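Structure record follows, encoded as structure tokens.
A short reminder: the numbers here are calculations on the coordinates, not readings from a lab. Note that the structure is a prediction, hence the values are computed from the model and not measured.
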Amino acid sequence: MGTDADEQAIRLAAGMAKKNKGKVWAVYVITVKRALPVEAEIEQDIQRGEAVLDHMESIAEEVGIEIETDLLQAREVGPAIVDEAVELGADLILMGVTYKRRFGQFTIGNVVPYVFKNASCRVILYHQPVPVGEATE
């Protein structure tokens, strides 16, 4: 989504890749509503995704590592991430997650559990710190 958690996750991935002479792929997934064809060009979402991926490239350049980026369109984000990792032969999926609340409770949504359950490689989750003033339970 282009959050601070994503930025910190890409920095962590870059550091790991640099240490191990690896490569980083950054993927942005646009969720396409079922009423539209999956290949529909949703200009606003495409521009947002490209801006996020450009930012990830600038971070990788700053750190001095090689990065590939890909803008995907899919019905569901979780399966798109898992499928892309398989296609790329990824050794690791590293995801950034922001602090979110739903119905008054902390939540990680449905993408992270899907990736944890279905990924054929290791998964690391970078969780953004709880904002100051947010109640923890």
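In whole percents, the pair-distance distribution calculated for the chain from its alpha-carbon pairs, binned every 5 Å from zero, is 2, 9, 18, 21, 21, 15, 9, 4, 1. Helical runs assigned H by DSSP (4 residues or longer) give the chain a calculated mean residue ellipticity at 222 nm of -13500 deg cm²/dmol, each run adding -39500 (n - 2.57) before division by the residue total. A straight Cα-to-Cα reach below 18 Å connects Lys117 with the aspartates and glutamates Glu76, Asp83, Glu84, Glu87, Asp91, residues fewer than 8 places away in its own chain not being considered. Among beta bridges from DSSP that stay inside the chain, the antiparallel ones total about 20%.
Of the residues Ala80, Ala60, Ala51, which exhibits the maximal mean-square fluctuation in a Gaussian network model of the chain defined by a 10 Å Cα contact cut-off? Highest fluctuation among the options: Ala51.
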